[in-house]
């Protein structure tokens, strides 16, 4: 959405089929056109308004997806909680660009774009680790997860669950492989509940 009203419109349309929706994730990394293109995640007041409005319309669990491109993640997370969010998705893509050295033009139509995949995993892990230490809301960790080992790293730094995006375009069965890998790891380590691994990072 580009502004609060657009989020409200989409939520109102989703309300017609909400009995088939378990939860909704709000992409708060979108630029707010009315505020000079700044991402909603960088404006805690806007985060609270959007989340609160969506919750009031849908009355189902709302997850706030936050941008890693701004330093106020804790403020944005607290605003999301105040608005009624039940969880946070961390992180969205990192701003990046690419240049064609033959044409001297940017490779992306909008010049800047979102970098995802393995390159962002260290950033994502750091953001999840920092945010989960604040104990604001449960965090769904994402960013560069391609294997069960990657997923396990996110659990160890505090994520309550993980999300897989880019890898799905490369391995159609990556989700199945991650689940099987984690299951085998738990058996090998004689761990009977995967929740025992959440936040177990030793520092």
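Points to keep in mind about this one:
- For region 141-203, the spherically averaged projection of the C-alpha convex hull amounts to 4.1 nm².
- In terms of overall dimensions, the C-alpha atoms belonging to region 109-170 reach 39, 25, 16 Å along their principal axes, ordered largest to smallest.
- Calculated [θ] (222 nm, deg cm²/dmol) that DSSP helices of n ≥ 4 give over the chain, each run adding -39,500 (n - 2.57): -11500 deg cm²/dmol
- Relative contact order, percent, the chain [alpha-carbon distance under 8 Å, six or more residues apart]: 14 percent
- Each part reduced to its alpha carbon centroid, region 152-203 and region 111-139 end up 16 Å apart.
- Relative to the compact-globule estimate of 2.2 N^0.38 Å, the Cα radius of gyration of region 64-140 comes out at 1.34.
- Packing-based exposure ordering (other Cβ within 10 Å, fewest first) of 131, 137, 112: 112, 137, 131
- Packing-based order for 66-76, 166-176, 113-123, using average beta carbon neighbours within 10 Å, highest first: 66-76, 113-123, 166-176
- Theoretical FRET efficiency, 1/(1+(r/R0)^6), r = Cβ-Cβ of residue 196 and residue 133, R0 22 Å, to 0.05: 0.75
- With both residues required to sit in the chain, DSSP beta bridges show an antiparallel share near 35%.
- Reported label for calculated Rg and Dmax of the Cα atoms in Å given (1) 18.0, 57; (2) 15.5, 45; (3) 16.7, 49: (1)
- Mean Cβ count within 10 Å, highest first, over the residues of peptides 177-188, 45-56: 45-56, 177-188
- For the pair residue 22 and residue 104, label points projected 7 Å from Cα toward Cβ lie 5.2 nm apart.
Each value in this text was obtained by applying a stated rule to the coordinates, not by laboratory testing. Not measured: the values here are computed from a predicted model. Note: ideal-geometry Cβ built from the backbone for every residue, glycine included; neighbour counts use all protein chains shown.
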